[in-house]
Amino acid sequence: MDQTLHALGGLLLKGVPTICLLLIVHFYLKAMFFRPLREVLAKRRASIEGAKESAEEIQKKTSEKAAAIEIQLRKAREEIYREQEAMRRQWIDQQAAKLEEARRQSRELIHQARQELAAEAEAAKRDIANTTDALADQIARSLLERRAS
């Protein structure tokens, strides 16, 4: 057993430089590789989070702008509809005025035609009355001449 312990002690003594070397490599890698790697990963994580926050902020601003543009677009459409309605009403009013003017002119023409017709009828009655008197005189003369003959 003593020999085993002695062999084990020798092995341990031979392994101490390896253990020291491993500890040195461990601390060296930790200081020179893993710490900068952790810093890079932390920076990367921070930039990713910043990019996410920035993207969310941009998306929020974009949605607000889109809503504002939608409101402006709705207002513009309403204004266009109002203008179209005003133009339609104006056109209807113009058409109604033209129609009323045409009705007034037709009433005036009808009134004039009736007056002319009444004047012609009166003239025809006078002509008939004058002609009737003359014809009555001729008929009477003709009858008297026949009786006298």
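The values are calculated or read from the model by the stated rules, or taken from the named source; none is laboratory data. Bear in mind the structure is a predicted one, so any value in this text is a computation, not a measurement. For neighbour counting, all protein chains shown are included, and Cβ atoms are generated from backbone atoms with ideal geometry for every residue, glycine included.
Okay, here's what the table says:
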| read-out | value |
| --- | --- |
| Lys30 vs. criteria part of a helix (DSSP H, G or I) and loosely packed, with under 10 Cβ neighbours inside 10 Å | no |
| Only listed residue being part of a helix (DSSP H, G or I) and at pLDDT 95 or above, chosen from Arg141, Arg77, Arg146, Arg126 | Arg77 |
| Candidates Leu144, Leu41 - the one that is closer than 30 Å to Lys30 by Cβ and either surrounded by 10 or more Cβ atoms within 10 Å (Cβ to Cβ) or among the β-branched types (Val, Ile, Thr) (or both) | Leu41 |
